[in-house]
Each structure stands twice: as C-alpha cells, then as structure tokens.
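Q: Below: one structure in structure tokens.
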Amino acid sequence: MTEKDLLRRTSRSFYLTIRLLPRCLRADITLAYLLARATDTIADASTAPVEQRMDLLRAAQRSLRQARIEGYDPHTWIRFQRDPSEAALLERLPHLWASMQVCDVPVQALIADLMDHVLEGQIFDLVRFHEGAGPLTADERERYTYLVAGSVGEFWYDLCRLKLGDYDTGAPDAMRSRARHYGQALQLVNIIRDRNMDQALGRIYLPSDDVPRAARQARDWLGEGAEYCAALRSGRLRYATLLPALLGFRTLNLCAAQESGDLTPVKVPRAEVRRSMRRALPVWWSKASVTTVARCAAG
C-alpha cells in the first residue's frame, strides 16, 4: 500500500487538503502526517497496557535521528488494531521512519522537530489521564493543543517558506503565530466535538462549563487561520489551506446544535464537504474573498 493510499484511508479531510497542495509540498507533508498518525494510533491502542504504549513513544523520541524506532515490532502492535487501515499504517511505520532519515537535511530537521512535539503531547496525554484524573486545566489544554496541533501549523509554515520562498505577504512572526493558532483551533474543535465520548472514557479535556469559552477561542483561532490564508500569494495554496477552517466552523455549528449528553461525535456530511469546496473556489482567484467565505462559514 502506498503512502497516498494510506493517507486516503486514514484521513478523509486532510487527504482533500494535501491533494490540492503544490506538488513540491505533498510528499513531505504526507510523510509528516502519516508518522504523526501512526504514533497516535499507538498512543490510542486502548487494549495495550499504558506503560507499554508510553515506553514505545519515548523510544520513538529517542530514535528521531535514527533509521528505525528502537524496539518497534509492527506485528506486536498490529494485533491491537481492529481497523485494517490503521493496521496497515503500523505495518508501514518502519518504512516511513526510514524515509524521514533520507529527506533533505532541512526537511528532515523540520519533521523531526515536529515529531518531537507531537510525541511529547501523546506522552503527556497518557501520563495525565491516569485512573481518576480530573479535567485538564486551561493551561494544560493550551499546552496540549500546541504540542499535538499548534506545532503542526508551525511546521506547515516553515516547510512552505523553505520550499516556496517568498510565498506570503505577511510578517514572518505574525504568520507563524497565526499558523500555530490555526493548528490549535482545529485540535480544539476536535476536543469540543469529542468531549462527551472522551468524558465517558474517563478523559475530560474540556469541562462543560468551559465549552462556550473554548468554542469562542476556537472561532477566534480559526479566524486567524483565515487571516493566514488571506496573506498567501498562491491561489491554490489559499484554497487548500482554508478548507479545514471552513469545516471547523461547520463542526462547531453542528456541536452547538447537538443534544446535550449525546455521545456520538458530530460529523460534517460528505455533501456539505463538497458544498464547502465549491463555495471556497473564489479564494483561488481572489485574496479579498477569503474574509467573505470564512465569515459565511462561521455564521
């Protein structure tokens, strides 16, 4: 199974984004995504002992500059998976890890730095939610969303600058901050969407009283994501990068309308995803339309 096949099977929305990117970005972003998704699959292997999962994630951190993950046996971890796509991803992980080591040196450094943050967030998650653990504090949630998603936004920005050069019209510090907050927004949307199911499993990322404030924060950060997109020179890149924000706004709207206590996470229907893609087409030709399209999605 190729990386493209794995991406399509393990990510519905991210696959749409990546296939729209300029060709020079696709392979590196696909590799980074699949590595992070594979270690997340290990972290979420609920039938595997927590200590075993943490040990492997720490071994992966130690192995970031090596051709293989210390002590990793795919067959040991595949048996914990019921999803064939995730099993295939874990079987492919040694190849993906070796591929990271043969990237161009600057790209390798960016992916390794990203994976260090992501692994730290996954380990934090396992350590923090021991039996009987209380809800995350606001500071802990800020740290967690940065490690597992804000760092992805920074990686995205740094890789685009590396590969595309002068690809935006914004100030570098402001753009990197917007990219970070955009990533955190998407993770916060996931936390809001999944909070009832997570709470039933003993993981309270977001207490009920904090949901309205978190939703406002997510909307503000998605707005920063739209500002980030509006500063991009490439229409193709604007379009690809804005789509997750549009789906994030729609997910928040669906969450707000969901009945209290419903354990089933909301999901944007495929027909709505396609409509969002059509409505976003003007941003391909016009920077000015980004604000209009984002405001429409937010409402």
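Values in this text are rule-based calculations from the coordinates and carry no lab data. For clarity, every value in this text was computed on a predicted model and none was experimentally measured.
Q: What aspartates and glutamates does residue 267 reach when the alpha-carbon gap must be under 12 Å and sequence neighbours fewer than 8 apart in one chain are set aside?
A: Straight-distance partners of residue 267: 194.
Q: What whole-number distance in Å separates the alpha-carbon centres of the range 242-281 and the range 99-142?
A: 26 Å
Q: Determine which aspartates and glutamates satisfy two conditions relative to residue 4: a Cα distance under 16 Å, and not lying fewer than 8 residues away in the same chain.
A: 28, 86, 91
Q: On to the next question. Which one, 174, 36, 88, has the greatest fluctuation when you compute a Gaussian network model over the chain with C-alpha springs under 10 angstrom?
A: 174
Q: Please report the relative contact order for the range 1-128, taking Cα pairs under 8 Å with a sequence separation of at least 6, and give it as a percent rounded to a whole number. It would help to have the intermediate numbers written out before the result.
A: Details: 113 pairs, mean separation 39.0, N = 128.
Computed value for the range 1-128: 30 percent relative contact order.
Q: Under 27 Å Cα to Cα from residue 287, which lysines show up? Leave out anything in the same chain fewer than 8 places away.
A: 163
Q: While we're on this one: Using Cα pairs under 8 angstrom and six or more residues apart, how large is the relative contact order of the chain, in percent? Working shown, then result.
A: Numbers: 371 pairs, mean separation 48.9, N = 299.
Relative contact order here is 16 percent.
Q: Could you give the DSSP H helices of the chain that reach 24 angstrom or more along their long axis (alpha carbon positions) and whose average Kyte-Doolittle hydropathy is no lower than 1.0? Don't jump to the answer; show the numbers that get you there.
A: Numbers: long enough: 23-43 (31 Å, 0.56); 84-101 (27 Å, -0.08); 105-128 (34 Å, 0.77); 172-200 (42 Å, -0.90); 211-230 (28 Å, -0.63); 235-257 (33 Å, 0.74).
Passing helices, by number: none.
Q: Still on this structure, please answer the following. Quick check on the chain: helices-only [θ] at 222 nm, where DSSP H runs of length 4 and up contribute -39,500 (n - 2.57) each and the sum goes over total residues. Nearest 500, please.
A: Details: 14 runs with 211 residues, N = 299.
Helix contribution divided over all residues of the chain: -23000 deg cm²/dmol.
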